[in-house]
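> Here it is, the structure in full.
The values are calculated or read from the model by the stated rules, or taken from the named source; none is laboratory data. Remember, predicted model here, so these are calculated numbers, not experimental data. Cβ placement follows ideal geometry from the backbone for every residue including glycine, while neighbour counts extend to all protein chains displayed. Keep in mind that these areas ignore ligands, DNA and RNA; they rest on the heavy atoms of the full protein, side chains included. Shrake-Rupley method; radii C 1.70, N 1.55, O 1.52, S 1.80 Å.
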Amino acid sequence: MFTLLLLAGGLRFAPTDTLTKETAIEEVVVSAPVGEGQTFADKGRAKSIDEHLLGLSKVDVVRRGSYAWEPIVNNMQTERLSLTIDGMKIFYACTDKMDPVTSYVESGNLRRISLNSGLDGNPQATGNIGGSIDLKLRRVGFDQKPSEYNASAGYESNGNVQVYGLDAAFSTHRFYTNFGTFYRHANDYKAGGSTRVRFSQFQKVNAFANAGWQIAEGHVLEGTVIYDVATDIGYPALTMDVKDARGFISSVSYRREQMQGFFGRWETKLYYNRITHDMDDTHRPDVKVHMDMPGRSRTAGLYSLLSGSPGRHNLQLNFDAYCNNLFADMTMYPRVGKPMYMLTWPDVGTFETGLSATDDIEITARHHVRLSGKLSWQTRRIGSDEGFDALGIYFPGMKRQGSSLTGRIAASYAYEVGGLRLACGTGYGTRAPTVTEQYGYFLNNIFDQYDYIGNPRLRNEKAVEANLSAGWKGSSLELKAEADAFFFTDYIAGRPETRLSPMTIGAEGVKVYQNLNHTRIVNTSLSGAWTPIEGLRLDGRISYSYGAESSGRRLPLIAPLTFAGTLHYRFRKLETQFGVRTQTANSHCAWAYGETPTAGYAVWHLGAGYTFHVRKVQTDLRAGIENLFDKDYSTYSDWNHIPQKGRNFYVNLSLQI
């Protein structure tokens, strides 16, 4: 069994025995090593998590500024994804999704990004109709180098971006620890043609520490702490910026290895995290009504995972539970009159528990089957009397507390012979409404200029998935074709309610979340790599997606025809790459959702990397040019068509002792 690794536009097949624990039969699980196994040049340790995500197949981002991009998987946003850090559930604290879970990890603390496409989620995933992303943290482990020290620095000309990182690791047979800090700073960047994009600045500090203690052979205690602080974050696509965003993430776990019997490994983790997010518009000119919008998210949880490989099976059995509290409010300060106060998330508490199972079955060397499923129970309660009474005006008789049962089941089959691999799969799953969809109160969305109100009477969203893939790997040529389709019932989306008046000045009206009868999303892609001679490789991927309601009305943020290709050349320790990303015009827009057309574009990049040793110091130097021809463009998923960066020169240096 092997996994297709698509990183930085590349196509690689992993050997059967290297990624077994993180590989799904159907090849929709992508496990992309970060900082190791990358054959060709990129930005190295200075690369942001957002840029790492963009190197994965099936992943794109919604960009509201130059910081904290919201991941998209299979053309679905956060509501239909599961985002975790080492299996820990974390929930953003911003009602505008300006602080996705991925913004609280840095490259210096990242080992691997595990992507599960569609309903075949990782063990801790819930509600993952589109997919799940788990950021695996870097732990040095036992019996490694006694000590290791890393330093990195990076600079980008466009926006005066500066990146600095320091970390250290120590390891013995009984104890290990690795810890470090990362700093990023950026000024306003310039779009193609040297037009300054105002309010695109940011700065952040990320500090982390991991430790492990082997109290006896096969008995391991581990702990993690992450503290992330970002300040002065501009969001040019929005009407507000972020004064302060903080994340505190912690965990402690016990791991039992080399167990005798059916299961050979057992891991139990307890975790707690707190996210705070303060939006304000005090630095924006010509604001009619200034406002502050703070948000708070607190989550405590656990999971217990059993793993075993009896016979031809590779089993995982997981129990998880968490409780989360979300609170957000808004204070408006008119020039005349008293301040006005409103709860936007009315102190909502959620408790959820679930049980999942996965079995990878090697029927024969050529035939593989993967089965997975999860059942979860959720209860949710409004904690604020004020918030409950306000929402009750629009939904008389609504209950303060509600519960729901959700689940998913998926099955896939793969046939392998020689270099040929054929696979197919299907799944069914449901998800509960998010807090915003269920209890949000007059949340303004400047994408369509509507205020949104949640609906406590929403039904669970349901989806059926079907997927097919065919791949072939020869001595110099690799090809793969993929197609997957998602068919929804009770799809959750906002619909205009003409009887209500907006709260936000200039808003077009009010939308209330409703269940739609039927919608569908279809994704197709063809990728390949050609190595005509040793050291030279050409790879590319072309994809097209379609999303619509049963009436034919288009869904928003569905990628048009896209192609990305790169020419790589390696000579000894020198790596070079020259590539392009193109996208056709997005003319089939979801007008009802506020989407408007974007023009097609082609953007070129050029990069090189060189690795050498000076005594005991390994030095990695990388440099390149992004947007080589200074193209002025926006992608289909750039919020309100904010332009991407123009020409950008970068240089990054990493040292390891």
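> Based on the alpha-carbon gyration tensor of the chain and its eigenvalue square roots a ≥ b ≥ c, which shape applies: rounded if a/c is under 1.5, prolate if not and a/b is larger than b/c, or oblate?
Rounded, since a/c falls under 1.5.
> Which value, in Å² rounded to 10, gives the accessible area of residue 58 with a 1.4 Å probe and all protein chains present?
40
> Enumerate the lysines that residue 145 could reach by cross-link, defined here as Cα to Cα under 18 Å, with residues fewer than 8 away along the same chain left out.
Leaving aside lysines fewer than 8 places away in the same chain, those within reach of residue 145 are 616.
> Then there's this: With the contact rule set at Cα under 8 Å and sequence spacing of 6 or more, what percent relative contact order holds for region 496-597?
Reported relative contact order: 19 percent.
> Which aspartates and glutamates does residue 243 reach when only Cα atoms under 17 Å apart count, and residues fewer than 8 places away in its own chain are ignored?
96, 99, 188, 228, 232, 278, 280, 281, 292, 329
> For residue 47, go through the lysines and keep the ones whose alpha-carbon is under 23 Å away, minus same-chain ones fewer than eight residues off.
List returned: 58, 97, 136, 190, 204, 573, 631, 645.
> Taking the mean number of other Cβ atoms within 10 Å as a proxy for protection, how do you rank 133-139, 360-366, 541-547 from highest to lowest?
The packing order, highest mean first, is 133-139, 541-547, 360-366.
> I'd like the FRET efficiency for residue 366 and residue 262, computed as 1/(1 + (r/R0)^6) with the beta carbon distance as r and R0 of 22 Å, rounded to 0.05.
Rounded to the nearest 0.05, the efficiency is 0.25.
> Residue-wise, which Karplus ³J(HN,Hα) couplings in Hz belong to region 232-249, taking 6.51 cos²θ - 1.76 cosθ + 1.60, θ = phi - 60°, and x for glycine or proline?
6, 9, x, 10, x, 7, 10, 8, 9, 10, 10, 6, 7, 9, 10, x, 10, 10
> Hey, another quick one. Suppose a student asked you for the relative contact order of region 2-656, using Cα pairs under 8 Å spaced at least 6 residues apart; what percent would you report?
Computed over region 2-656, the figure is 11 percent.
> Within 10 Å, count the other beta carbons around each residue, average over each peptide in 520-529, 284-293, 191-200, 67-76, and list them highest first.
67-76, 520-529, 191-200, 284-293
> Where nothing but the Cβ of Lys and Arg (+1) and of Asp and Glu (-1) is charged, how large is the charge dipole of the chain around its Cα centre, in debye to the nearest 20?
Here the size comes out at about 520 debye.
> How big is region 42-91 in terms of Cα radius of gyration and Dmax, in angstroms?
Cα radius of gyration and Dmax of region 42-91 are 11.5, 31 Å respectively.
> Now for a different question. Divide by every residue of the chain the summed helix terms, -39500 (n - 2.57) for each DSSP H run of at least 4, and state the resulting mean residue ellipticity at 222 nm, rounded to the nearest 500 deg cm²/dmol.
-500 deg cm²/dmol
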